[in-house]
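Trainee: Okay, here's the structure, questions in a sec.
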Amino acid sequence: MNTSKNNYQIAVIPGDGIGKEVMEATISVLDKLNLNFNYVYGEAGDECLKENGTALPEKTLEIIKNSDACLFGAAGETAADVIVKIRQEMKMFANLRPVKTYPNTNSLFDNIDFMIVRENTEGMYIADEESYTDDGAIARRIITKNAEKRIIDYAFKYAKKNNKSKVTAVHKANVLKKTDGLFKEIFYEVAKNYPEIATEDFYVDATAMYLITQPQNFEVIVTTNLFGDILSDEGAGLVGGLGLIPSANIGEDAALFEPVHGSAPDIAGQNKANPIAMMLSAIMMLRYLGENEAADTFDNAILNVLSDADKLTSDLGGSATTLELTNEIIKKL
Ligand code: NAI
Ligand code: MG
């Protein structure tokens, strides 16, 4: 087992619904890894709005700012005011969403292993909307050279560091000629700095199909905010569901790790949620902090439990509770 040399302050925001359940499960495993983590809990989400009149109190933002990294569970209906706002406020420009086949998880294919690198600060999710006539409304979508250059460069750096041979840009430049046209242009400009890495670009609609017909061909996908959100849920569907997909939000000096799923009100409070997406998010945090030994230990324990397949949650076709799956993972550490 790993004994961490470094002390870290970790912001913990469980949020709403199953966010709280998967967070508790994840912290109970981290507690067994002998890490020098000081957890500082913050409130955010629907319940927080009811209690405090705001879904994202200043105090919570301060906690994130003062921490080395943040673990986030899920928010409910207030998600846009919470997680989207945190990403923008903390300038967490890169959203990493790995899609990977694990054993016994109803993955549609073997050997899927790609990373979606999603621009996190602009695009459609600036949510700049207004009603412009009685029978319509308008939304602005912003694509800037700086932000797109930064995310595309991040994707190539990620590919290089992780021995990936290809980066795929996803856009809709045939229709959105100005915004996605610019995205595509910048993609090939940045690519010139990485001659050892192959490139290709697809329209987002075709990509939605290729993800089903030939997902093994993808290694790193780089795309804008909304497309990245949609394709990552599709990726989740490919490998067995939202209970398995973690994510990282990375900025210059802030990072937040969260499952891709939401608060799942349909199963909240029933001890049924799959905690693995949250746990894999914590593992991404461990690697971000350089705690690779602890990350490997945690990762292998999850892999062992999935391989045994006798303690799976109901989303994976089993009958184990959140707690039973968690205890099994702790046993395998
Ligand atoms: P969702 O991700 O919460 O749930 C979609 C489906 O997947 C549900 O059937 C749910 O039971 C299942 N599911 C999700 N995570 C699971 C897990 N760990 N184990 C087992 N099954 C799981 O998305 P939905 O239903 O569209 O939204 C519910 C609420 O969550 C909404 O209020 C939405 O605003 C919020 N949301 C928040 C996000 C965030 O905080 N980052 C992201 C997405 C949605
Ligand atoms: Mg989403």
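Trainee: At 25 °C and 0.890 mPa s, grab the translational diffusion coefficient of the stretch 205-333 from Stokes-Einstein with a Kirkwood Rh over Cα pairs, rounded to a whole number in µm² per second.
Mentor: 154 µm²/s
Trainee: For a distance above 25 Å, tell me the whole-number percent of Cα pairs in the chain that qualify.
Mentor: In whole percent, the share of Cα-Cα pairs in the chain beyond 25 Å is 52.
Trainee: Could you check what % of the DSSP bridge pairs in the chain are antiparallel, to the nearest 5?
Mentor: For the chain, the DSSP antiparallel bridge percentage is about 45.
Trainee: Using a simple charge model, +1 on the beta-carbon of Lys and Arg, -1 on the beta-carbon of Asp and Glu, nothing else, what dipole does the chain show about its Cα centre, in debye to the nearest 20?
Mentor: Approximately 1060 debye in magnitude.
Trainee: Applying 1/(1 + (r/R0)^6) with R0 = 41 Å to the Cβ-Cβ distance of Ile138 and Asn300, what FRET efficiency is obtained, to the nearest 0.05?
Mentor: 0.25
Trainee: Pairs of Cα atoms under 8 Å, at least six residues apart: use those to get the relative contact order of the stretch 108-238, whole percent.
Mentor: Over the stretch 108-238, the number comes to 37 percent.
Trainee: Where the only charges are on Cβ atoms (+1 Lys, Arg; -1 Asp, Glu), what is the dipole of the stretch 226-282 about its Cα centre, to the nearest 20 debye?
Mentor: In debye, rounded to 20, the stretch 226-282 gives about 300.
Trainee: Considering Cα pairs under 8 angstrom that are at least six residues apart, work out the relative contact order of the chain and quote it in whole percent. Walk me through the numbers on the way to the answer.
Mentor: Working: 699 pairs, mean separation 73.7, N = 333.
This gives 22 percent for the chain.
Trainee: Toward the positive end of the charge dipole of the stretch 108-238, about the Cα centre and with charges on Cβ (Lys, Arg +1; Asp, Glu -1), which of Ala139, Ile197, Ile151 goes farthest?
Mentor: Ile197
Trainee: So, one more: List the lysines whose Cα lies under 27 Å from the Cα of Lys172, skipping any in the same chain that are fewer than 8 positions away.
Mentor: Partners found: Lys85, Lys91, Lys100, Lys145, Lys149, Lys157, Lys160, Lys164, Lys184, Lys192.
Trainee: Here's a follow-up. Can you give me the orientation-averaged projected area of the convex hull built on the Cα atoms of the stretch 206-245, in nm²?
Mentor: For the Cα atoms of the stretch 206-245, the hull's average projected area reads 2.8 nm².
Trainee: Can you give me the Kirkwood hydrodynamic radius for the stretch 108-238, using every pair of distinct Cα atoms, in Å to one decimal?
Mentor: 15.3 Å
Trainee: Moving to a separate point now. What do you get for Rg/Rh of the stretch 21-128 when both radii come from the Cα atoms and Rh is the Kirkwood radius?
Mentor: 1.01
Trainee: Plugging the Kirkwood radius over Cα pairs into Stokes-Einstein for the stretch 77-132, at a temperature of 4 °C and a viscosity of 1.567 mPa s, what D comes out in µm²/s?
Mentor: On the way: Rh = 13.9 Å.
D, rounded to a whole number, is 94 µm²/s.
Trainee: Quick check on packing: order 234-242, 34-42 by the mean number of other C-beta atoms within 10 Å, highest mean leading.
Mentor: 234-242, 34-42
Trainee: Give the aspartates and glutamates reachable from Lys178 as a straight Cα distance under 14 Å; neighbours fewer than 8 places away on the same chain don't count.
Mentor: Leaving aside aspartates and glutamates fewer than 8 places away in the same chain, those within reach of Lys178 are Glu148.
Read the figures in this text as sums done on the coordinates, not as results from a lab. Owing to the predicted nature of the structure, the values given are computational and were not obtained by experimental measurement. Neighbour counts are summed over all protein chains in view; Cβ atoms, including those assigned to glycine, are modelled from backbone coordinates with ideal geometry.
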